[in-house]
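J.: Could you have a look at this structure, given as structure tokens, before my questions?
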Amino acid sequence: MDSRTVGIPEVDGSEQVAVVIDVMRAFTTAAWAFHRGAEKIVLAADADEALAIKASHPGWLALKDGAPVSGFDLVNSPGLIREADLADRTVIQKTTAGTVGALAVVEAKVALCASFVVADATARALADAGAGPVTFVATGDDGRAAEDLACAQYLDRLLAGDRPDPGPYLHRARASQAADDLRLERRRGAHPTDVDLCLEVDRFDFAMKVGLEAGMAVLRPLRN
């Protein structure tokens, strides 16, 4: 299957099939939220929009990067979200890069959000959809984040029908700047297990599909 990898600045609206990748940590956290029972995740463009959506839906929970702040209920950390009871809840997610990338391609014919924890399920969802050329959107560092590029290349091999050893791809992600920042606590709102949780290949058996619902970008689990 033909593919290309771009950063968010290179998204131009021509993408028909897009896989938005944020390994550390947006779409690892999102996968854990679904595992913990979340019904759907509404993606917000910024913190103000997230809080405005929450104000209109008082039962929904708001999540963002960084340390806990007033108005937000959850932190963008897989290590923290895996302890939350989210059964049948709606989460509003706003992150620095991942949600921005998803919003950029939300009108594509097929738009999936991915990380290592849903890699195989993502590849299977694309194959089942009979998807054409795929655009991988590496969201971190304007498309230069080593962990997102490694995940994109791993997914590309899966789409080609290969069964690659994930080890070298995970090694690149573990040695990335983002992983260092998390390990050295340069990012607020991090948990000591975040890096390891972000590097669990195929931890979950669902993909994550984003689309427009009632004018909002909504992420839902997609089970084969």
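J.: Please state which one of 131, 138, 127, 111 is farther than 20 Å from residue 40 by Cβ and crowded, with 23+ Cβ neighbours inside 10 Å.
T.: Sole residue among the options that is farther than 20 Å from residue 40 by Cβ and crowded, with 23+ Cβ neighbours inside 10 Å: 138.
J.: Taking the stretch 30-76, which residues are basic (Lys, Arg) and within 20 Å of the chain's Cα centre (by Cα)?
T.: Answer for the stretch 30-76, where residues must be basic (Lys, Arg) and within 20 Å of the chain's Cα centre (by Cα): 36, 40, 64.
J.: Here is a further query. Go through the stretch 96-108 residue by residue and tally those that are crowded, with 24+ Cβ neighbours inside 10 Å and outside any helix (DSSP H, G or I).
T.: Here the count works out to 2.
J.: Taking the stated definitions as given, is residue 84 surrounded by fewer than 20 Cβ atoms within 10 Å (Cβ to Cβ), among the aliphatic types (A, V, I, L, M) and at pLDDT 95 or above?
T.: yes
J.: Another question, then. Go over the candidates 190, 207, 150 one by one and state the one that is at pLDDT below 95 and surrounded by 23 or more Cβ atoms within 10 Å (Cβ to Cβ).
T.: Only one candidate passes the filter, namely 190.
Listed here are the residues, each with its yes/no results for (1) over 27 Å from residue 149 (Cα atoms); (2) outside any helix (DSSP H, G or I); (3) without any contact (Cβ under 8 Å) to a residue 40 or more places away in the chain.
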residue: 14; (1), (2), (3): no, yes, yes
residue: 33; (1), (2), (3): no, no, no
residue: 58; (1), (2), (3): yes, yes, yes
residue: 63; (1), (2), (3): no, yes, yes
residue: 71; (1), (2), (3): yes, yes, yes
residue: 87; (1), (2), (3): yes, yes, no
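J.: In the stretch 83-97, what count of residues is obtained for those that are among the charged types (D, E, K, R), over 19 Å from residue 23 (Cα atoms) and touching a strand residue (DSSP E or B) at 6+ places or on another chain (Cβ under 7 Å)?
T.: Qualifying residue count, the stretch 83-97: 1.
The values are calculated or read from the model by the stated rules, or taken from the named source; none is laboratory data. Bear in mind the structure is a predicted one, so any value in this text is a computation, not a measurement. Note that we place each Cβ from the backbone using ideal geometry, even for glycine, and neighbour counts take in every protein chain shown.
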